[in-house]
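J.: My structure is below; once you've seen it, I'll send some questions.
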Amino acid sequence: MGQKYSGPMLELLEVDVHKRLVQAEAGGAEAQYDLGLLYATGHGVDQNFIEAHKWFNLAAIHGIGRAAGDRCDVALELTARDIAKALRLARQWDTVH
């Protein structure tokens, strides 16, 4: 997966993860997508495919078309139980924000 994200990741390496979280909380779909990339690759955060799936799912719901494909790629690394957890976390996050 790391190779696939090397281009966009070069730009994200300089980005403060906290800043992206604030943007995501404000409804920023691009920030949600960026968080998916960060969690999928482990750049700036501990690699976590459940969190990556959650953020890609939210980005896809909010109009970032490429996020759906990345969500599917991440899902290949997860069990059915993990995917259910990621979907639940996305629903909870979207309800609160």
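The values are calculated or read from the model by the stated rules, or taken from the named source; none is laboratory data. As the structure is a computational prediction, the values presented were derived from the model and not from experiment. Cβ sites come from the backbone with ideal geometry, for glycine too, and all protein chains shown count toward neighbours.
J.: Tell me, which helices (runs of 4 or more DSSP H) lie completely within segment 19-88 with 1 or more residues that are of a type in the set (Phe, Trp, Tyr) and either within 12 Å of the chain's Cα centre (by Cα) or on the phi > 0 side of the Ramachandran plot (or both)?
T.: 29-41, 49-61
J.: Sticking with this structure for a sec: Farther than 18 Å from Leu21 by Cβ and touching a residue at least 60 places away in the same chain (Cβ under 8 Å): does that describe Asp73?
T.: yes
J.: Which count do you get for residues in segment 25-69 that are modelled with pLDDT of 95 or more and closer than 15 Å to Asp94 by Cβ?
T.: Total meeting the criteria: 21.
J.: Sticking with this one: Pairs please, first residue from segment 79-91 and of a type in the set (Val, Ile, Thr), second anywhere and surrounded by 15 or more Cβ atoms within 10 Å (Cβ to Cβ) and in a helix (DSSP H, G or I), Cβ atoms under 9 Å, 6+ apart in sequence or on different chains.
T.: From segment 79-91, the pairs are Ile83/Ile50; Ile83/His53; Ile83/Ala75.
J.: Can you name every residue in segment 45-62 that is surrounded by 19 or more Cβ atoms within 10 Å (Cβ to Cβ) and under 16 Å from Val22 (Cβ atoms)?
T.: Those that are surrounded by 19 or more Cβ atoms within 10 Å (Cβ to Cβ) and under 16 Å from Val22 (Cβ atoms): Trp55, Leu58, Ala59.
J.: Only residues in segment 31-50 that are among the acidic types (Asp, Glu) count as the first member; pair them with residues that are part of a loop (DSSP other than H, G, I, E, B), Cβ under 9 angstrom, at least 6 apart or cross-chain, and list the lot.
T.: Matching pairs, first to second residue: Asp34/Val15; Asp34/Gly28.
J.: What number of residues within segment 75-94 satisfy the criterion of being under 20 Å from Gly28 (Cβ atoms) and not aromatic (Phe, Trp, Tyr)?
T.: 6
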